[in-house]
Amino acid sequence: MTTQTIEVKKVFVTDNQEQWIVFEEEMQAGFQYKLASIDDLHDYVAGTGEVFTYNIETSEGVAQWHEEQFPEGSPIDHVCEYRVIN
């Protein structure tokens, strides 16, 4: 039996106005950091259009980008959001 390792990246929000969302390896001295929430990630997508396609560790747990289309005539056309997977 083989075990698959799935990479998870921690993402943080910061008080640095030039780069307000960063990964652990991008952290710099002199700024305040906290683990990003799913709402922070949604704000980032809304502001930049960029989606992280790998698993992200957030304050709510490990999250993954999810897209779902619904059939024509449904009350909802589609859903695009980060969802906690564990």
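The values are calculated or read from the model by the stated rules, or taken from the named source; none is laboratory data. Bear in mind that the values here come from a model prediction, so they are computed numbers and not experimental data. Here the Cβ is made from the backbone with ideal geometry for all residues, glycine too, and neighbour counts use every protein chain on show.
Quick notes on this structure:
- One residue stands out among those in the range 13-22 that are surrounded by fewer than 12 Cβ atoms within 10 Å (Cβ to Cβ) and free of Cβ contacts under 8 Å to residues at least 12 places away in the same chain: the one that is nearest to the chain's Cα centre (by Cα), which is Gln19.
- Of all residue pairs spaced 6 or more apart or on separate chains, those with beta-carbon atoms under 8 Å, a first member in the range 23-38 that is under 17 Å from Val8 (Cα atoms) and a second member that is at pLDDT below 85 and surrounded by 11 or more Cβ atoms within 10 Å (Cβ to Cβ) are Ala36/Ile21.
- The one condition in (1) touching a helix residue (DSSP H, G or I) at 6+ places or on another chain (Cβ under 8 Å); (2) of a type in the set (Val, Ile, Thr); (3) part of a loop (DSSP other than H, G, I, E, B) that Val13 fails to fulfil: (3)
- Residue among Glu25, Glu68 that alone is loosely packed, with under 12 Cβ neighbours inside 10 Å, more than 15 Å from the chain's Cα centre (by Cα) and part of a strand (DSSP E or B): Glu68
- Scanning the range 38-60 for residues that are of a type in the set (Gly, Ala, Ser) and at pLDDT 95 or above returns a single hit, Ser59.
- Among (1) at pLDDT 90 or above; (2) of a type in the set (Gly, Ala, Ser); (3) surrounded by fewer than 12 Cβ atoms within 10 Å (Cβ to Cβ) - the single one Gly30 does not satisfy: (1)
- Tyr54 being within 10 Å of the chain's Cα centre (by Cα) and loosely packed, with under 13 Cβ neighbours inside 10 Å: yes
- Test for Val62: is it touching an Asp or Glu at 6+ places or on another chain (Cβ under 7 Å) and at negative phi: no
- Qualifying residues in the range 37-51 (those that are touching a strand residue (DSSP E or B) at 6+ places or on another chain (Cβ under 6 Å) and not in a loop (DSSP other than H, G, I, E, B)) - the one surrounded by the most Cβ atoms within 10 Å (Cβ to Cβ): Leu41
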